[in-house]
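Here is the structure we will look at, set down as C-alpha cells.
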Amino acid sequence: MIKDQLARLIHKAVESAVEDGSLVLSGEITLDDMKEPPNKELGDFACNAALSLARTVGKSPREVARIIQTHIPDNTLLDRVEIAGPGFLNLYLKPDWLYSVIRRVLVEDVKYGHSTDHAGERVLLEFVSANPTGPILVVQGRAAALGDALAALLETQGYEVAREYYINDYGNQVGNFGRSLDARYRQELGEDVPLPEDGYHGEYVRDLAIEIIREQGASLRDMPEEERAERLGRLGVEKMVALQKKAMSDFGVSFDQWFHESTLHPDAVADTLAHLEREGHTYVKDGALWLKSTDFADDKDRPLRRSNGATTYIAADAAYHRNKFDRGYNLLIDIWGPDHHGYIQRTKAAIAAQGYDPERLKVIIHQIVRLYSNGEIVVSSKRAGNVLALDELIEEVGADAARFFFLLRDSQSPLDFDLDLAKKESNENPVYYVQYAHARICSILKRAADQGFAPVDPEKVDLSLLTHETELALMRRLADYPEDLTRFANDFGPHGLTRASMETAQTFHQFYTQCLVLGDDADLSAARLALCSAARIVLRNMLGILGVSAPESMSRQ
C-alpha cells in the first residue's frame, strides 16, 4: 500500500541521517502514520515525523524536517517533498503511482486489496443465534448483516473464517414454547383453552399449530398434557429452525454450522463443571455450585448449578466456548444483541477459568433498530407480536437495501431505518446510489463494445492521458481501497465499507459528469474505459463484501 511505501522511505531517510550523524537518536525509530491533508494543494500525504523526533534529537522540528527531506533516497514514487508550517513534510506523488494502481486493479480483479497478513489464523464467528421459539426479528437481521459482512471482510485479510449459528434449544424457553403451541393446537381443534400468560402470543404460533394439524391431525390430542406439550415443543423448534434457515437464506447469509445447545447437555456441560471443580475455581454455597469469577475480573461470582440441580446459562456458555477453542480456532468472535454488555466479562471469566486466554474472545454488541415509515415508528407486527420479523422487512424493501442500511452505522450505535428512503429509486437512497454507479459503468462498457472498442489491455493502454482532476481523484479513491480493507478489518467494522462505497460512487459520478468517456480521441477513450473498468471492479468488490448485489442495469426515476 502507498502509505506503507512512503513510511518506509521516511524511515530510511531517518536511518540515513542517524548513520551520517545529522541526527543523534538512540533506541528504535517509531513514526506516526501518513495522513491525507484536507487540501490536495498541501500534497497527497503529510508526515509529522519531524515534530515527533524534534525533542528527542534536540533540534527544531523544521530543522529535523529539512534533514529528513535531504536524506530521502531516490525512488519512483515522490515528485517532491515540501516543508510546511512548524515542520510538516508534505509529500507530492508522481502520477505514475496512480496509473500502476489501475493496472493492478485490472489484473488482480476480485483479489484487489486482499492481504495474506493473517493467513493461517482461524476465526469462529458466531452471530444471530436467535432463540428457536420465534421468527428472526429485524434487530437480529442487523446482526446477520454485520456478521456476514465482517466474515467476508476478515477473509480479505487472509483469515480462515467459519460462520456459526448457536441454536438455544435447551431450557425453560423451549418448555414455555411447547406449552404455548399446545394451547394453540387445542384451540384449533375446538377446545376453549387460554394461552399461558408468559407464553408466546405471536400469530406465528397459531400458524405452526395449523401446520402440525395439517400434517398429523388430532393424533396428539389424547397424549398426556405434559408429554404433548414436550412433543409439540420439539416439533415447533424443528419447524422454527427451518424457518430461520430460510430467512437467512433469503437474506443471503449462509452458515458453516448450526450448533445445537442441546448437544452440550448433559455430557459436555458436566465435563466442564468437573474440570472447573478440579482446578479449584468453584465453591458450593446454599446447595448451589458457584464459579469464582471474581478471580478473573468479573464483578461478582456466578452460579453454575442451582440447588435444584439445574445448570445455568453460564455453565452452557462455558462448555460451548470450550468446545469452540477445542476445535482449534485462534480467535472467537461473538456478536450479541442489545443489553448484553454485562455478559461479556462473566463469559471471559468462564473462559479464563478453563485455562484459555480471554483475549482470544472478541464480543461485539449491536444496538437496536428503529423502523420509520412516513416519519413514524413502526412498532408492531401481526405475525411476530410487538416486533417486526426480518422476512417482513425483506418483503418491504428487499435484501440489498436491508443489508446496506443495517451497515450504515457503527453497530454499537442505535440505527434509525427509514423504510421510505430504502425503497426510493433515486440518489437519495444510498444503496441505490452505489448500485447505480456500478450499473452505469456496465452500461458504458457495453456501449463501448457495441461501438467497436477493444477490451482494455492493462499493459498497452496509455494511462498517462488521465490528468483531469476528477480522473486523479477517482484513481486516488481506488488506491485507498486496500488500506480501507485493512483498517476496517482491524477495527472489526464493516460499516466503514458502506461509507467508502458511497464515496467511490460519488467520485465516479463526478468524473463521469466532467469527462466524456467515449469520445473522438481513441487513446483517451481507452484510458478512461480502463479507469471505468477499475472503478467497476472496486465497487463490485465492496458490495460483495457487504452482501449486496452489483446489478448491471437499473431503472432510474
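Please give the contour-minus-distance gain from Arg8 to Gln345: 0.36 nm per residue of separation, less the Cα-Cα distance, rounded to one decimal in nm. Present the calculation step by step, with values, prior to reporting the outcome.
Values: separation 337, 0.36 × 337 = 121.32 nm, distance 3.99 nm.
Once the chain is fully extended between Arg8 and Gln345, it gains 117.3 nm.
Residues with beta-carbon under 10 Å from that of Gln514, excluding Gln514: net charge, scoring Lys, Arg +1 and Asp, Glu -1? Taking every Cβ under 10 Å from that of Gln514, the sum is -2. Normalising the average separation of contacting C-alpha pairs (under 8 angstrom, six or more residues apart) by the number of residues puts the relative contact order of segment 172-250 at 41 percent.
Among the trypsin sites (Lys or Arg not before Pro) in segment 261-321, those placed in a DSSP loop whose Cβ has at most 13 other Cβ atoms within 10 Å are Lys300. Diffusion coefficient of segment 432-493 by Stokes-Einstein, Kirkwood radius over Cα pairs, 37 °C, 0.692 mPa s: 227 µm²/s.
If the chain linking Arg103 and Met223 were pulled fully straight, counting 0.36 nm for each residue of separation and taking away their Cα-Cα distance, it would gain 36.0 nm. Helix 61-71 and the longest principal axis of the Cα set of the chain meet at an angle near 70°. Taking a straight Cα-Cα cut-off under 20 Å and skipping sequence neighbours fewer than 8 places away in the same chain, the aspartates and glutamates within cross-link reach of Lys446 are Asp109, Asp457, Asp520, Asp521, Asp523, Glu552. Using equal-weight Cα scatterers in the Debye expression, the normalised intensity of segment 430-546 in log10 at q = 0.16 Å⁻¹ is -0.73. Calculated mean residue ellipticity at 222 nm for the chain: -16000 deg cm²/dmol, from DSSP H runs with n ≥ 4 weighted as -39500 (n - 2.57), summed, divided by the residue count and rounded to 500. Can you give the net charge of the other residues whose Cβ lies under 15 Å from the Cβ of Arg302, counting K and R as +1 and D and E as -1? Local net charge: 0. For segment 151-247, applying the loop criterion from DSSP together with a ceiling of 10 other beta carbons within 10 Å to the GluC sites (Glu not before Pro) yields Glu191, Glu197.
Within segment 451-557, the GluC sites (Glu not before Pro) that combine a DSSP coil assignment with at most 11 other C-beta atoms in a 10 angstrom radius are Glu459.
For Lys324, the lysines whose Cα comes closer than 29 Å to its Cα, not counting residues fewer than 8 places off in the same chain, are Lys239, Lys245, Lys246, Lys292, Lys300, Lys348, Lys362. Annotation: lysines with alpha-carbon distance below 22 angstrom to Lys111 (same-chain offsets under eight excluded): Lys3, Lys460. Note on segment 2-93: Kirkwood radius taken over Cα pairs, Stokes-Einstein applied at 25 °C and 0.890 mPa s, translational D equal to 189 µm² s⁻¹.
Arranged from fewest to most other beta-carbon atoms within 10 Å of their beta carbon, Ser501, Ser262 become Ser262, Ser501.
Using bins of 20 Å that start at zero, the share of Cα-Cα pairs per bin across the chain amounts to 18, 40, 30, 11, 1, in whole %. Only alpha carbons enter this Debye calculation for segment 172-250, each as an equal point scatterer, and the log10 of I(q)/I(0) it gives at q = 0.11, 0.17, 0.20 Å⁻¹ is -0.25, -0.60, -0.82.
Each value in this text was obtained by applying a stated rule to the coordinates, not by laboratory testing. Everything numeric here is computed off the predicted structure, so don't read it as measured data. Methodologically, a virtual Cβ is constructed for each residue, glycine included, from the backbone with ideal geometry; neighbour enumeration extends over all protein chains shown.
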